[in-house]
Amino acid sequence: MNTPTRIDQVIPSIVEKDAVSNHTFTIQRVLHEMGFESEIYVDVIGPGCETRVQELPELEKFNDEKRLLIYQYSIGSRAANYFMAAKGKKIVDYHNIAPSHFFTRWLPSLAAESVLGRSQMLPLSKVSFAAVADSGYNAEELTQNGFKNVDVLPIMIDPGNLSAAPRLGLLNALSEQEGTKWLFVGQLAPHKAQHNLIKAFYCYLKAYDTQAHLYIVGREMGPLYKAALVQFVDQIGISDSVTFTGGVTSEELVAYYKGCDVFASMSEHEGFCVPLIEAMHHEIPVVAYGQAAVPETIGEAGVVLSNNDPYETAAAVHILLEDKKLREELVASGKEKAAQFEIARTEEKFKEVVKDLIETF
């Protein structure tokens, strides 16, 4: 057995407070703890990450056949070309690529990156001796596109979003607020379908609780979609009942999880969806449209809807919140489900995957 001299990662872009970026940093830390040298090579480096990673061309510095390379794959990028050209044995860690049609109208550059990303899948499969994916849904997509030796490796969730103390001022304000509080966490992006969430909330507001409030937490992916959401909320006359928070700290995020009554998602495409796990950890019941990997992520621990009809979604939230027994059962199941993704467990799974890969090195 030839043990690799180092295990490096390549990723198209890296930013703070991003699920895939956090996963990548956590992998590096675990590799260091296992005794490996490890660097992260990045094409686009976000603010605050400059001292933690290497620029993409530096990948050639340790161009050694006895190196294991991991490609964090979630969008099209020239980083894939660098990865494929570099020496060393290669594996892909796949986080899914949202289809381009979601972005064509709102962010054409991202639509192009999506098309590129999917075109790179077959070439990546030809140079990779194994692959991992953060859900069975993603793993199946890899298998269908030629990858061999595919395993499921749960994404490593930022422990700060699970264990941080809530911002007390915000939590107290939420607790004192009248009416049902809906929450969604995720980038303002077309495939997250916040527009459909707003429709469902409007129905709930009119049919069940005129004092209800919707909190949409997350930074914008691009200005056009957010502008359309804000305009939509204003046009239907509920701007006083909807808050777009933008990006928040871990302490603020935990306050929203603990201060709201239901986590509602109408997302149309998810390769996993970390906020669902965070919500269940913080004992907030979940109602979600069951597309892509969402049913797998939730399991039996939430209400999974077969369609995104706004009236049915509003009714589902109402029934869940009115039925105390059902709510308590789902909260308890959600807590158990979330425990499967505690960082200690996912780190151990990663170590097992690395050891198995080394045996075939």
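The values are calculated or read from the model by the stated rules, or taken from the named source; none is laboratory data. Here the structure is a predicted model, which is why all the values come from computation and not from measurement. Cβ placement follows ideal geometry from the backbone for every residue including glycine, while neighbour counts extend to all protein chains displayed.
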- Query: Got a number for residues in segment 194-246 being closer than 11 Å to PHE184 by Cβ, touching a helix residue (DSSP H, G or I) at 6+ places or on another chain (Cβ under 7 Å) and β-branched (Val, Ile, Thr)?
  - Reply: 4
- Note on the structure: Listed by first then second residue, the pairs whose first member lies in segment 54-66 and is assigned by TED's automatic domain parsing to the domain that holds ASN81, whose partner is small (Gly, Ala, Ser) and surrounded by 14 or more Cβ atoms within 10 Å (Cβ to Cβ), with beta carbons under 6 Å and at least 6 positions apart or on separate chains, are LEU56/ALA79; LEU59/ALA86
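Would you check if ALA165 is surrounded by fewer than 19 Cβ atoms within 10 Å (Cβ to Cβ) and either of a type in the set (D, E, K, R) or outside any helix (DSSP H, G or I) (or both)?
Working: surrounded by fewer than 19 Cβ atoms within 10 Å (Cβ to Cβ): yes; either of a type in the set (D, E, K, R) or outside any helix (DSSP H, G or I) (or both): yes.
Yes; evaluated as a whole, the condition is true for this residue.
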- Task: Look through segment 212-242, keep the residues that are in a loop (DSSP other than H, G, I, E, B) and over 26 Å from ASP158 (Cα atoms), and return whichever of them is nearest to the chain's Cα centre (by Cα).
- Result: ALA212
- Assuming GLU176 fulfils every condition listed in (1) touching a strand residue (DSSP E or B) at 6+ places or on another chain (Cβ under 8 Å); (2) over 18 Å from VAL303 (Cα atoms); (3) charged (D, E, K, R) apart from one, which condition is it? (1)
- Those residues of segment 245-281 which are more than 24 Å from VAL230 (Cβ to Cβ), crowded, with 24+ Cβ neighbours inside 10 Å and in contact with a Lys or Arg (Cβ under 8 Å, 6 or more places away or on another chain), in sequence order: VAL254, ILE277, MET280
- Message: Looking at SER333 and the list (1) surrounded by 13 or more Cβ atoms within 10 Å (Cβ to Cβ); (2) closer than 29 Å to ASN149 by Cβ, which single condition is not satisfied?
- Response: (2)
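Could you list, in sequence order, all residues of segment 243-290 that are in a loop (DSSP other than H, G, I, E, B), within 20 Å of PRO159 (Cβ to Cβ) and either out of contact with any Asp or Glu (no Cβ under 7 Å at 6 or more places or on another chain) or of a type in the set (Asp, Glu) (or both)? Can you show your working first?
At the first step, the residues of segment 243-290 found to be in a loop (DSSP other than H, G, I, E, B) are 247-249, 260-261, 266-273, 282-285, 290.
Keeping just the survivors that are within 20 Å of PRO159 (Cβ to Cβ) gives 247-249, 272-273, 282-284.
Answer for segment 243-290, where residues must be in a loop (DSSP other than H, G, I, E, B), within 20 Å of PRO159 (Cβ to Cβ) and either out of contact with any Asp or Glu (no Cβ under 7 Å at 6 or more places or on another chain) or of a type in the set (Asp, Glu) (or both): GLY247, VAL248, THR249, CYS273, HIS282, GLU283, ILE284.
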- Message: When you scan segment 75-84, do you find a residue that is among the aliphatic types (A, V, I, L, M) and over 27 Å from GLU220 (Cβ atoms), even just one?
- Response: yes
